[in-house]
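K.L.:
Quick one: structure below, then a few questions.
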């Protein structure tokens, strides 16, 4: 038991951040593979970008170039996913507004004919 307490006590904070980042990324992948989350959902990309960001912080203290490159790309791809989600939401709202405007215009025309 003392060994576990020593491990917790003497593990640097940046390694804990890296562990949390790894848990986020692996958990998100597990959720994706089990169908509990979709890659189209915002939370999928957010969990990935936060996890990779935490790993990058850890890697700045325990430098490993290949791992750092992977995590930077992971953040970049996740940001693309977030941007796509935002674009879809904006387009969806725009279509909804346009549809409502069309229905209003049709109602006005129908009312004027009567």
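K.L.:
Which distance in nm do the two modelled labels at residue 23 and residue 7 give, with both placed 7 Å along the Cα-to-Cβ direction?
P.N.:
1.3 nm
K.L.:
Which FRET efficiency value, to the nearest 0.05, do you get for residue 94 and residue 73 by plugging their Cβ-Cβ distance into 1/(1 + (r/R0)^6) with R0 = 22 Å?
P.N.:
FRET efficiency, residue 94 to residue 73: 0.10.
K.L.:
What does the extension gain come out to for residue 38 and residue 60, with contour length at 0.36 nm per residue minus their alpha carbon separation?
P.N.:
Between residue 38 and residue 60, full extension yields 4.8 nm more.
Read the figures in this text as sums done on the coordinates, not as results from a lab. This one's a predicted model, so the numbers in the text were calculated from it and none came from an experiment. With ideal geometry, Cβ positions are generated from the backbone for all residues, glycine too; neighbour counts draw on all protein chains shown.
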